Amino acid sequence: MADRREAILKAAASEFGAVGFSGGRVERIARGAGVSKQLVFHYFKTKEQLYSTVVYAALSECSATVLKRTTPVETVKCCVTSVLSTLAGSAVLRSVLADRLHGQLEPAGVSSSVDDWLQSIRSAIADAIETGQRQGFFRDDVPSLAASDLALSSIVGWALVSPELTATSEAGQAQVSDFQAFLGQSVVDFCVWR
């Protein structure tokens, strides 16, 4: 039983990751899982519930909570790297962000969960910058939320502009790694004393 449910979730993640909520079809999900459409609806009463379960699972795999590193500089870089890695490895989250950009409707619970996730990333980066300001690593005239928003918009923009760059291919891993290092250092450079 649990194997069937997991097969449905895996097929749904693939389907929603490829075509989003609006384009996702329960028939294709069932076919991809090797089950009937009726069995999909046995486990998940609606397409919205199935989508929500897939998105919540993707969000739970990636926590924006980053352990404090030895310095605020390392914490900022770690936050950026962590979120970029998450998005590179999650077609579902990239699809959710693309759907939002294009004004596609999504179940309300998903929307608020994604908002909470994005806010937690914003707060983690801003907190690291503020800590760095208090400790003298970063300039005190840099608005932490503005710098955090710059980082977050770059992360989300990268995920939307470069959806083919995933952590699954060797070339994709190299490009993700290069961008992680570049963006993390760019945010730090924006904040440091000159």
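The values are calculated or read from the model by the stated rules, or taken from the named source; none is laboratory data. If you're wondering where the values come from, they're calculated on a predicted model, not measured in any experiment. Don't worry about glycine lacking a Cβ; one is built from the backbone with ideal geometry, like all the others, and counts go over all protein chains shown. When the accessible area is computed, the model is the full protein with side chains, heavy atoms only, and any ligands, DNA or RNA have been set aside. Shrake-Rupley method; radii C 1.70, N 1.55, O 1.52, S 1.80 Å.
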(message) Quick test of the membrane-span-like rule: which DSSP H helices of the chain reach at least 18 Å along their long axis (C-alpha atoms) with mean Kyte hydropathy at least 1.0?
(response) 72-88, 144-161
(request) Amide H neighbours of F138 under 5 Å, at least 5 residues apart or on other chains, H built in the peptide plane: list them. (result) Q133
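Is there a quick way to get the dipole size of the chain? I mean about its Cα centre, with the Cβ of Lys and Arg at +1 and of Asp and Glu at -1; what is the value in debye to the nearest 20?
Using only the charged Cβ atoms, the result is roughly 500 debye.
Sort 44-55, 87-98 by the packing proxy (mean of other Cβ within 10 Å over each peptide's residues), most packed first.
Working: 44-55: 19.2, 87-98: 22.6.
Top to bottom by mean Cβ count within 10 Å: 87-98, 44-55.
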(request) Summarise the long-distance tail of P(r) for the range 81-194 by giving the % of C-alpha pairs beyond 22 Å. (result) 38
(request) Between E74 and R194, with labels modelled 7 Å along Cα→Cβ, what's the label distance in nm to one decimal, could you check? (result) 2.7
(message) Positive end of the dipole of the chain, charges at C-beta (+1 Lys, Arg; -1 Asp, Glu), about the Cα centre: which of A11, S144, W117 has its Cα farthest in that direction?
(response) A11
(message) Charges on Cβ only, +1 for Lys and Arg, -1 for Asp and Glu, centred on the Cα centroid of the chain; of A181, A33, Q104, which one is farthest towards the dipole's positive end?
(response) A33
(request) Determine the shape class of the range 108-152: with a ≥ b ≥ c the square roots of the Cα gyration tensor eigenvalues, call it rounded for a/c under 1.5, and otherwise prolate if a/b is greater than b/c, oblate otherwise. (result) prolate
(request) With a 1.4 Å probe and every protein chain kept in, tell me what percent of the accessible surface of the chain is carbon plus sulfur. (result) 55
(message) Starting from 0.36 nm per residue, how many nanometres of slack lie between Q173 and D116 once their C-alpha separation is accounted for?
(response) 17.8 nm
(message) Students often check this: by mean Cβ neighbours within 10 Å, which of 118-130, 175-187 ranks highest, and how do the rest follow?
(response) 118-130, 175-187
(message) Just the number please: accessible area per residue for the chain, 1.4 Å probe, all protein chains included, in Å².
(response) 51
(request) Quick one: compute a quarter of the convex hull surface over the Cα atoms of the range 11-96 and quote it in nm². (result) 5.9
(message) Counting only Cα atoms, I'd like the Rg/Rh figure for the chain, Kirkwood definition for Rh.
(response) 1.05
(message) Give me the net charge for the shell around R122: Cβ to Cβ below 11 angstrom, other residues only, Lys and Arg +1, Asp and Glu -1.
(response) -4
(request) Quickly estimate the mean residue ellipticity at 222 nm for the chain, helices only: each DSSP H run with n ≥ 4 gives -39500 (n - 2.57), and the total goes over all residues, rounded to 500. (result) -25000 deg cm²/dmol
(message) Net charge around A108, counting only other residues with Cβ within less than 11 Å of its Cβ (Lys, Arg = +1; Asp, Glu = -1)?
(response) -3
